[in-house]
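> Sharing a structure here in structure tokens format.
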Amino acid sequence: MYDEIFGEIEYDYGYVAKKEIAFFGERQDVDVLIDCEEEEEIKQVQRDAFEALMQNWEEMQHKIVSAILEFYNEKEKYSWGPDEEDEEYEEWWPGIDSEEEMVKKIHLDGIVIQADYLMEMKGENPIYVLFDRDWGGEDYDDNGVAVFIEDGEVSRVGHKDIAFSFA
């Protein structure tokens, strides 16, 4: 199926579009998940949220990385994992003190656009941007990092599962 904004899309528990997006100069293949029921039309509000993100992508990248850096250093770092005396400690929790260092530790993974009825409960153009990350050691339950954007600003940073909740 083809959509005017997302291009070729396939249905897999929502519509999925494959997009190539540059993140700090590195082009990455990204899945864009548009939450819809099968055979349901993608809503204009969903298209608008994606277009708003892409129109401001250059500036938004810096806001996203800055917010992830703050999340890492103030909330996540040392919150679980090996004790300080263990060899793996530094692998789990490397010192990341700048945007440049953080960009090397995260990898753009996907974009999630929730169902239109959920979007209506949030600010203007709400959208989630998901990342894989290189810290946390061999955490097999890795939940990466998600950034929630609304009204053109980063509003929340957490693990990827926030993009799939109703909150």
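The values are calculated or read from the model by the stated rules, or taken from the named source; none is laboratory data. As the structure is a prediction and not an experimental result, all values here were calculated from the model. No Cβ is skipped: glycine too gets one built from the backbone with ideal geometry, and neighbour counts run over all protein chains shown.
> Scan the stretch 30-55 for residues that are farther than 16 Å from residue 128 by Cα and either assigned to a helix (DSSP H, G or I) or touching a Lys or Arg at 6+ places or on another chain (Cβ under 7 Å) (or both) and report the count.
1
> Residue by residue through the stretch 74-100, note down the ones that are surrounded by 12 or more Cβ atoms within 10 Å (Cβ to Cβ) and either under 18 Å from the mean Cα position of the chain (by Cα) or within 18 Å of residue 53 (Cα to Cα) (or both).
Within the stretch 74-100, 76, 99 meet the criteria.
> Determine, yes or no, whether residue 86 is in contact with a helix residue (DSSP H, G or I) (Cβ under 9 Å, 6 or more places away or on another chain) and free of Cβ contacts under 8 Å to residues at least 24 places away in the same chain.
yes
> Show the residue pairs that are 6+ apart or on different chains and have beta-carbon atoms under 8 Å apart, the first residue being within the stretch 129-156 and surrounded by fewer than 19 Cβ atoms within 10 Å (Cβ to Cβ) and part of a strand (DSSP E or B), the second being of a type in the set (A, V, I, L, M) and modelled with pLDDT under 90.
Listed by first residue and then by second, the contacts come to 156/162.
> Here's another thing I want to ask about it. Only one of 9, 64 is assigned to a helix (DSSP H, G or I) and either under 18 Å from the mean Cα position of the chain (by Cα) or at pLDDT 95 or above (or both); which?
The conditions single out 64.
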